[in-house]
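The values are calculated or read from the model by the stated rules, or taken from the named source; none is laboratory data. Computed from a prediction, not measured in an experiment: that's the story for all the values here. Because the Cβ atoms are built from the backbone with ideal geometry, glycine has one as well, and the counts that use them run over all protein chains shown.
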Amino acid sequence: MPGRLEGKVALITGAGSGIGLESCILFAKEGAKIVAADVNEETGRATVKKIEEQYGAKSAIFVKVDVSKEDQIKNAVEVAEKEFGRMVIGKLNIVFNNAGIMHPDDDNAITTEERVWDLTFTINVKGVWWGCKHAIPALRRAGGGSIINTASFVALRGAATPQLAYTSSKGAVLAMTRELATIHARENIRVNALCPGPLRTPLLMDFLNTEEKKQRRLVHVPMGRFGEAIEQAYSALFLASDESSYITGSEFAVDGGLTAAYVTPE
Ligand code: NAD
């Protein structure tokens, strides 16, 4: 049985941890060649090592990328086309703009500092723009493809534990995704947003660092548990594959029912 991404090349940012790590491994299992991009060289290279151990040499490549730096994203796209362009049918077919931060000092409107706001927007919003800016011409060269931008459930609902810069940045990712999907729909380029619920990854667990804060968040989740990164990776796989060929501009919520619910503490 051919994999669901057989013959495709995928660039995934934030590849060293959480959703990005699980997606790199899953996409490789489904036959894609992986360009694993992360600002953290050690964890990013570890992801590639894991893939190569399971799926053979040259099934993945690491590129050091700070998504807030345009030249580094541009370079990753060039590497994807150069390294894998000859080996498979397409060139670059999938771009998963997944890297993002939640700053520990992010708070409410009164206490959040400008430096926290600016850093959050530079990575979470400008980083996605750079990713899309350089993905779109590459996907055109490949005859089309799929872009997935990681937003969050907080782009759809207010968060009870304040994180204003993060929430606002993810709202911007949704708006950007919608517009890009509309503009490029007739070029066979699909652009969707993944909206994860609260996950048991370092990003959120470092932020919700007390049991009280964890419970304050969990009370809103009908399933009563944090999500796992692999559950996001399965959803990203669907959006990346041709199985979602009529889906673009979606706000794909993978959140244990959180955005469907009106939940109050027991
Ligand atoms: P994570 O912290 O486990 O992994 C994030 C990865 O991104 C890390 O490997 C990190 O090194 C990398 N990264 C950070 N800044 C970068 C930069 N400037 N350039 C390149 N790489 C960078 O986080 P995760 O939970 O897997 O989150 C992935 C995405 O999902 C993020 O966009 C996050 O906002 C979003 N998200 C997470 C949750 C959650 O609860 N964890 C919920 C909703 C949305």
ARG141 fails exactly one of the following numbered conditions: (1) surrounded by fewer than 23 Cβ atoms within 10 Å (Cβ to Cβ); (2) under 23 Å from SER235 (Cβ atoms); (3) in contact with a Leu (Cβ under 9 Å, 6 or more places away or on another chain). What is the number of that condition?
(2)
Expected single match for within 15 Å of the ligand (Cβ to nearest atom) and either in contact (Cβ under 8 Å) with a residue 40 or more places away in the chain or surrounded by fewer than 16 Cβ atoms within 10 Å (Cβ to Cβ) (or both) among LEU218, LEU199, LEU180 is LEU199
GLY18 - would you say it is farther than 22 Å from GLY145 by Cα and modelled with pLDDT under 95?
no
LYS91 fails exactly one of the following numbered conditions: (1) surrounded by 18 or more Cβ atoms within 10 Å (Cβ to Cβ); (2) at pLDDT 95 or above; (3) away from the ligand (no atom under 15 Å from the Cβ). What is the number of that condition?
(2)
Qualifying positions in the range 106-136 - assigned to a helix (DSSP H, G or I), over 16 Å from the mean Cα position of the chain (by Cα) and either farther than 22 Å from ALA80 by Cβ or of a type in the set (Asp, Glu) (or both):
GLU114, ARG115, VAL116, TRP117, ASP118, LEU119
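Just checking, which of ALA37, ALA99 is in contact with a strand residue (DSSP E or B) (Cβ under 6 Å, 6 or more places away or on another chain) and either part of a loop (DSSP other than H, G, I, E, B) or among the basic types (Lys, Arg) (or both)? If you could, list the steps in order and put the result at the bottom.
Working: ALA37 fails: either part of a loop (DSSP other than H, G, I, E, B) or among the basic types (Lys, Arg) (or both).
Exactly one of ALA37, ALA99 is in contact with a strand residue (DSSP E or B) (Cβ under 6 Å, 6 or more places away or on another chain) and either part of a loop (DSSP other than H, G, I, E, B) or among the basic types (Lys, Arg) (or both), namely ALA99.
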Residues of the range 230-240 that turn out to be surrounded by 21 or more Cβ atoms within 10 Å (Cβ to Cβ) and touching a helix residue (DSSP H, G or I) at 6+ places or on another chain (Cβ under 9 Å), as a count
5
Taking interchain pairs and intrachain pairs at least six residues apart, which have beta carbon atoms under 6 angstrom, with the first residue in the range 231-257 and over 16 Å from ARG178 (Cβ atoms) and the second of a type in the set (Gly, Ala, Ser)?
ALA233/SER23; ALA236/SER23; PHE238/SER244; ALA240/SER146; VAL254/SER235; ASP255/GLY197; GLY256/GLY197; GLY256/GLY227
The number of residues in the range 150-176 that are touching a strand residue (DSSP E or B) at 6+ places or on another chain (Cβ under 9 Å) and away from the ligand (no atom under 11 Å from the Cβ) is 2
In the range 1-34, what count of residues is obtained for those that are of a type in the set (Gly, Ala, Ser), more than 7 Å from the ligand (Cβ to nearest atom) and assigned to a helix (DSSP H, G or I)?
2
